[in-house]
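The values are calculated or read from the model by the stated rules, or taken from the named source; none is laboratory data. This structure is a prediction, so every number in the text was calculated from the model and none was measured. Here Cβ is always computed from backbone atoms with ideal geometry, including for glycine, and neighbour counts include all displayed protein chains. Note: areas computed on protein heavy atoms with side chains; ligands, DNA, RNA excluded. Shrake-Rupley method; radii C 1.70, N 1.55, O 1.52, S 1.80 Å.
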Amino acid sequence: MSHDVSVGIVADWLVTFAGSEKVIAEFIKLYPDADVYSVVDFLSDESRKKFYGKEATTSFIQRLPFAKKKYQQYLPLMPLAIEQLDVTGHDIVLSSSHAVAKGVLTGPDQLHISYVHSPIRYAWDFQHQYLRESGLNKGLKGKLARWFLHKIRMWDYRTANGVDHFIANSQFIARRIKKVYGRDADVIYPPVDVDRFTLQENKEDFYFTASRMVPYKRIDLIVEAFSQMPDKKLVVIGDGSEMAKIKSRAGSNIEILGYQPDDVMQDYMRRTRAFVFAAEEDFGITPVEAQASGTPVIAFGKGGVLETIRPYGERNATGMFFSEQTAESLIKAVRHFDTIKDTILPQDCRENALKFSAQRFHDELDEYIKTKWHDFNERKRIIY
């Protein structure tokens with residue numbers, strides 16, 4: 001692709017360095033001269049290094065009171081905010097979207113490719129769960145929340161027309177895009193830094209989980225299940241709004257370490273008998289990181305994990321699924337895993353994880369964008 005092609009990169013918000021930000025970092029690696037745009041940008045200096053020092057052009061929300069810590073409370077203003085970001089000077093616009101980034105305004109002579117981590121979860125199929133967990137399922141506040149989510153669904157559906165090509169981070173999300181927007185999406189699995197994790201074949205006698213402690217991650221379910229298995233040790237790393245609730249359910253066989261730096265998490269990931277994962281995730285990076293450590297995964301069998309874990313019973317298995325998000329279902333899976341754990345080989349786990357490496361993502365994305373840009377220009381040439 002010609003060096004004189006101008007690229008604009010659009011994020012929802014830049015606050016932490018998580019899944020969508022890792023995609024932005026890969027965009028920047030492909031196009032180091034690109035400009036970056038976001039509703040807000042409060043990245044730490046350490047995280048910004050991964051963006052090669054780039055700062056985003058931000059919206060008016062950046063300057064609103066308490067935006068740094070409470071930016072998500074400005075969600076009702078975000079559709080307006082993203083539409084005020086001027087990307088008209090770019091030939092190609094790349095958005096990394098799990099909320100509003102795909103709604104940036106582009107013209108007919110611009111190619112807009114949107115990498116979608118999920119359509120806005122709390123506005124679509126997770127709406128009822130979100131309202132319950134937020135205490136917004138009744139009363140006046142509940143009515144207002146439902147009205148707002150109705151409006152944002154209308155906006156979200158309409159703005160799908162401004163995207164030329166959707167990339168989904170899993171087949172699961174491609175189906176969700178088809179259901180919500182009526183559009184087909186190509187699948188490129190997100191980048192996982194598998195090189196951060198090293199293979200360890202000798203495992204110790206404990207189970208492990210790590211996550212933000214927020215409701216949909218279902219750490220409470222994992223803790224409840226292991227509290228009913230006092231003969232099984234569980235180590236938990238993470239912090240968040242559910243911490244007090246989770247601690248109150250933990251038996252003496254459960255060690256809750258709170259937030260820990262990456263090197264501590266990696267050490268436990270290498271040594272554990274199995275990583276336990278109870279969320280319904282769009283993709284799920286931590287189960288891949290566990291496999292990169294040679295560690296099997298016991299996961300709730302729905303969402304992206306169906307594409308990243310080879311279950312027991314298949315050749316070169318890397319884990320096991322449980323069928324219901326209940327303590328009883330997880331207990332049954334753990335008991336079963338104990339009887340077959342020696343048949344799941346650390347080397348098979350590691351080899352499976354390498355399919356999701358950052359280099360693989362970089363190469364697939366580069367080829368994809370080049371192909372779509374070529375096709376876009378061919379169509380314009382024929383028309384004109």
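The table for this structure:
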read-out	value
For segment 264-274, 3J(HN,Hα) per residue [Karplus equation, 6.51 cos²θ - 1.76 cosθ + 1.60, θ = phi - 60°, Hz, x = Gly/Pro]	5, 4, 5, 5, 5, 4, 5, 8, 5, 5, 7
Simple Cβ-charge dipole of segment 269-309, Lys/Arg +1 and Asp/Glu -1, about Cα centre, in debye nearest 20	340 debye
Highest-MSF residue in the chain out of Gln73, Gln110, Gln347 [GNM, Cα springs under 10 Å]	Gln73
Apportionment of accessible area to carbon and sulfur, segment 156-270, percent (1.4 Å)	44 percent
Reciprocal of mean inverse Cα separation for segment 217-322 (Kirkwood radius, Å)	14.3 Å
Among Tyr130, Val180, Ala99 the positive-end extreme of the charge dipole of segment 99-184 (Cβ point charges)	Tyr130
Accessible surface, the chain, averaged per residue in Å² (probe 1.4 Å)	46 Å²
Fraction in percent of alpha-carbon pairs per bin - 5 Å, segment 12-60	5, 23, 36, 27, 7, 0
Residue range of the chain that is longest and free of GluC sites (Glu not before Pro) which are both DSSP loop and sparsely packed (at most 16 other C-beta within 10 Å)	56-200
Cleavage-rule hits, chymotrypsin sites (Phe, Trp or Tyr not before Pro), segment 70-115, DSSP coil, Cβ neighbours within 10 Å at most 16	none
Of every Cα-Cα pair in segment 1-139, the percent that sits beyond 26 Å	24 percent
Test item: Cα-centred dipole of the chain, Lys/Arg +1 and Asp/Glu -1 on Cβ, debye	1480 debye
Relative compactness, the chain, computed as alpha-carbon Rg over 2.2 N^0.38 Å	1.02
Neighbour-limited loop hits for trypsin sites (Lys or Arg not before Pro), segment 44-148 (at most 14 other Cβ within 10 Å; DSSP other than H, G, I, E, B)	Lys138
Stokes-Einstein D (µm²/s) once Rh is taken as the Kirkwood radius of segment 116-245 over alpha-carbon pairs, at 37 °C in 0.692 mPa s	181 µm²/s
Gaussian network model of the chain, springs between alpha carbon atoms under 10 Å - residue of Leu199, Leu80, Leu257 with greatest fluctuation	Leu257
Cut-off 11 Å between beta-carbons: net charge of the residues surrounding Ala292, Lys and Arg +1, Asp and Glu -1	0
Qualifying trypsin sites (Lys or Arg not before Pro) in segment 192-289, DSSP loop, other Cβ atoms within 10 Å at most 16	Arg212
